[in-house]
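Trainee: First the structure, which I've put down as structure tokens, then a few questions once you've had a look.
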Amino acid sequence: MEIPPGGSGIEQRFRIERKGWMKKTEDAVLDVAKSKVDRFGFKKTTVDEIAKEARISKRTIYGHFKNKEDLFVSLFMKDDALEVKALEARTRINRP
């Protein structure tokens, strides 16, 4: 029996499911970070507070992001991408 490149079907499915779970975790962290930074600002928002509110460990956060700055760069990039999509949608609606 030959195993396909990239592993067996089970291994590939596990990788796909894990990526989905990791994306959900990352999105949850970014959502909490956004609410904290909107309320308290960058300097007063701590990774400890984000982890506590997201109900995950700091270690999990640092598994997704190198440091606090990397977390917030990711947050700002996500927000910018959402704003661009909204602007594109408004532009399409306003075209004759």
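The values are calculated or read from the model by the stated rules, or taken from the named source; none is laboratory data. Just so it is clear, the structure is predicted and the values come from calculations on it, not from any experiment. Quick reminder, even Gly has a Cβ in these numbers, built from the backbone with ideal geometry, and neighbours come from all protein chains shown.
Trainee: Starting from segment 31-55, take each residue that is more than 16 Å from Phe65 (Cβ to Cβ) and list its partners that are at pLDDT 95 or above and surrounded by 13 or more Cβ atoms within 10 Å (Cβ to Cβ), counting only C-beta distances under 7 angstrom and pairs at least six apart or across chains.
Mentor: As it stands, the answer is none, since no pair meets every condition given.
Trainee: Still on this model: I'd like to check something: does segment 41-52 contain any residue that is at pLDDT 75 or above and in contact with a Ser or Thr (Cβ under 8 Å, 6 or more places away or on another chain)?
Mentor: Scanning segment 41-52 turns up at least one residue that is at pLDDT 75 or above and in contact with a Ser or Thr (Cβ under 8 Å, 6 or more places away or on another chain).
Trainee: Residues to consider are Val84, Val37, Val29; find the one that is in a helix (DSSP H, G or I) and at pLDDT below 75.
Mentor: Just one listed residue meets the conditions, Val84.
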